[in-house]
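Chemist: Here it is: the structure, laid out below.
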Amino acid sequence: MNDRGYLRATFLVLSFFILVLLAAWISINSRSFGGFAIFWAPNALLLGIWLRFPRTVAIYSVLGAAMGYLAADIFVKTDLIVTATFACGNILSVGSGYLLLNRLSEGDRKLLGLTSVLKLFLVTLVASAAGGLFGGLAVISFFSLPFFAGWSRWFVTDVVNYLTILPALLTLPANFKPSVWLNTPADDKSTPHRQVKVAPVGFLIAMSAAAFVIGGPGAVAVPLPALLWCAVLYRPFTVACLTFAYGIVSQLGIATGVFLPKPEDFAQESLQLSLHLGIAFIAVCPNILAAVMTSRNALLEEFKRLASQDSLCDLMNRRAFFEEASVLLEDAKTNAEALSLLIIDIDNFKSINDSHGHQVGDEVIRRTAAVLKGRIRQGDILARIGGEEFAILAPGLPQTALADYAERLRRACENTVIRKNGRSISITISIGAVFTPHSDAGIDVMILHADEALYRAKDAGRNRVELHAASRLQDS
C-alpha cells in the first residue's frame, strides 16, 4: 500500500469511528431495559452514508464503525462481552441492509419509484430482524430474559430509526435549490403560493404540539394528516426531513411518558414497542405518497412534453409555438420591443419524398431542423409548424439585421448535403420574413404576412429570402 492508500485507510477508519461513536453515545442515553436504546441513530446513518457514497464502503470504514460501537459502550461502562455482542448485531444489521438495498436500482435507492419506499420498508424489516438475533442472544446470556424480549426490542428500534432517518439520507440532493424542496415552480413568488407552501409545515407544527397536549398512545397519529398534506405539496427530500422530525419528536414523547407511561418491566414495555412500531408505519405513509406524487408529476411533465414537442425533429410543435408566441408577443408589447417572424419551407420536398422515399424525407426534415437549431440566436423560438415548414420568432432583432439573419440560415441549409444509397441530396429552403417594430400585430397577422413573403420567394425560383414590407404590416 502506498502513502495515498495509507492516508485513505486512516481517513476512513477515523471518520467512521468518530461518526459512529458520537451517534451511538448520544443514542445510548435513551437506553432502558436490557441495555437497548429507544433512539438508535448510528445504524441508519452508517447505512445511508454507505449507500449514498459507495466509495466509502471498505474494510476500513467497517473497522472504524466497529471501533465506534465498542468505544461508545465502553465509555458508559457496559460489560465488554455485551458490548461486543451489540457491536456484532449492529454491523450485521447495517451490512445486511446494505447488501439488499445495493441490489436495487439507483432510482429505488433514491426513493424515486412508485414501490421504492415499500422495498425500503421490506429491507429494513430483514436487516432489523438479522441484527435482532444478537439482541436476543444478549438478553438470554446476560440479562436472563427470553430471547424474544431482546430480539423484538432490537427489531422495533432498528425499524423505527431506519424508516425515519434513511429516507432523508437517500433522497439528499446533490445541490440545494428551491425546486429541491417544493413541487411548485421555483420562480413562483406570488403571495398566495408562498402561503400555500408554508401552510402544511405550520399545520404539522400545530398538530405535533396538539399531540403533546392530548397525550396518550393515539396522539402519535395526530400529525398524520399534516404529513400527508406535506407529501402532496413537497418533494421527497422535504417530506423525508419532516418525517424524520416527526419520528424524533414522537420518540421523545414516548421517552418522556407523554404518549405512554414509562414501563417498569419488559411486560409493560411491549406496549411501548407497539407504539414505536406504529410510529414506523406512520412514517412510511407520507414517504410513499411523496414518491407517488413525484412519479405522477414526472408523468404529467412527460405528457406535456409529448404534447408540445414534434417527435420527428425534437422541436416545438405548432400548438406549443402559438402558446409561446402569445407570451412572447405580450412581453414584447410591454417592453416596446421589436419582433421578427421567419417562415421557412423546404424546397421541392414532395419531389424528394416521391423520388427517395419517406425515410429520406424524414431525414431531410431532421437535418434541416438540426441546421436551423444550430444557427438561431439564443432566446429565439424555433418550431416545426407543418410537414416541411418551420417558424422562427426572433425578439429584439433589428430590422436592418433581419435580411442578413435569414440569409445566413438559408446558406447554412444550402451547404447541407445528405448522402443516401450512393446519391447526394441537396437541401435548399425558402424564407418569408416579417418585422414589426412595436409588436402591436397579433401572431396570426404576422404569420399571414410572412406567408405572403414566402410565396413570393417560391414564385421567384425558391432558395431565396423575401421580406414583407414593414409598412404593410403596420397598416394591418
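Derivation of every value follows stated rules applied to the coordinates shown; laboratory data play no part. Everything quoted here is computed from the prediction, not taken from an experiment. Cβ sites come from the backbone with ideal geometry, for glycine too, and all protein chains shown count toward neighbours.
Chemist: Could you give the length gained by full extension between F303 and F53, i.e. 0.36 nm per residue of separation minus their alpha carbon distance, to one decimal place?
Modeler: Separation in residues times 0.36 nm, less the Cα-Cα distance, equals 86.6 nm.
Chemist: Using the Karplus equation 6.51 cos²θ - 1.76 cosθ + 1.60 (θ = phi - 60°), what ³J(HN,Hα) coupling, rounded to whole Hz, does each residue of segment 329-337 give in order, writing x for Gly and Pro?
Modeler: 5, 5, 5, 5, 5, 4, 9, 6, 9
Chemist: Does anyone have the angle between helix 191-214 and the longest principal axis of the chain? Alpha-carbon axes, 0 to 90°, nearest 10?
Modeler: Tilt of helix 191-214: around 10 degrees.
Chemist: For D310, what residues show an amide H to amide H distance below 5 Å, using hydrogens built from the backbone and excluding near sequence neighbours?
Modeler: Those qualifying (amide H under 5 Å, at least 5 residues apart or on another chain) are L315, M316, N317.
Chemist: Determine ³J(HN,Hα), in whole Hz, for all residues of segment 47-58 in sequence, where each value follows from phi through the Karplus function 6.51 cos²θ - 1.76 cosθ + 1.60 and θ = phi - 60°; x replaces Gly and Pro.
Modeler: Result, rounded to whole Hz: 5, x, 5, 4, 6, 7, 10, x, 5, 7, 6, 7.
Chemist: Ranking request for peptides 198-204, 344-350: highest mean number of other beta-carbon atoms within 10 Å first, then the rest in descending order.
Modeler: Going from most to least packed, we get 344-350, 198-204.
Chemist: Could the peptides 42-51, 383-392 be put in order, highest first, of the mean number of other beta-carbon atoms found within 10 Å of their residues?
Modeler: For the peptides 42-51, 383-392, the packing ranking is 42-51, 383-392.
Chemist: When the helices in the chain are scored as -39500 (n - 2.57) per DSSP H run of 4 or longer and the sum is shared across all residues, what 222 nm value do you end up with, to the nearest 500 deg cm²/dmol?
Modeler: Taken over the chain, the calculation gives -22000 deg cm²/dmol.
Chemist: Same structure, new question: Calculate how steeply helix 224-233 sits against the longest principal axis of the alpha-carbon atoms of the chain, using the helix alpha-carbon long axis, and give the answer as 0 to 90 degrees to the nearest 10.
Modeler: For helix 224-233, the angle is close to 30 degrees.
Chemist: If you don't mind, there's one more thing I want to ask. Among the listed pairs K350/K373; K333/K458; K77/K119; K304/K458, give every one whose C-alpha distance is greater than 28 Å.
Modeler: Details: K350/K373 23 Å; K333/K458 32 Å; K77/K119 38 Å; K304/K458 35 Å.
As for pairs spanning more than 28 Å Cα to Cα, those are K333/K458; K77/K119; K304/K458.
Chemist: Normalised by the residues of the chain, what does the relative contact order come to in percent, with Cα pairs under 8 Å and at least six apart?
Modeler: 11
Chemist: State, as an integer percentage, the relative contact order of segment 1-110 based on alpha-carbon contacts under 8 Å between residues 6 or more apart.
Modeler: RCO, segment 1-110: 31 percent.
Chemist: With a 10 Å radius around each residue's Cβ, average the other Cβ atoms per peptide and rank 16-23, 314-321, highest first.
Modeler: 16-23, 314-321
Chemist: What residues of segment 424-468 lie in the reach of a label at E330, counting those whose backbone N is under 14 Å from a point 7 Å from the Cα along Cα→Cβ?
Modeler: 443
Chemist: If you don't mind, another one. Please determine, in degrees from 0 to 90 and to the nearest 10, the orientation of helix 443-459 with respect to the longest principal axis defined by the Cα atoms of the chain, where the helix direction is its Cα long axis.
Modeler: For 443-459 against the chain, the angle is about 50 degrees.
Chemist: If you rank K110, K77 by fewest surrounding Cβ atoms within 10 Å, what's the result?
Modeler: If I rank by nearby Cβ atoms, fewest first, I get K77, K110.
Chemist: If you restrict to DSSP beta bridges whose two residues both lie in the chain, what percentage is antiparallel, to the nearest 5?
Modeler: Taking every DSSP beta bridge with both residues in the chain, the antiparallel ones total about 85 percent.
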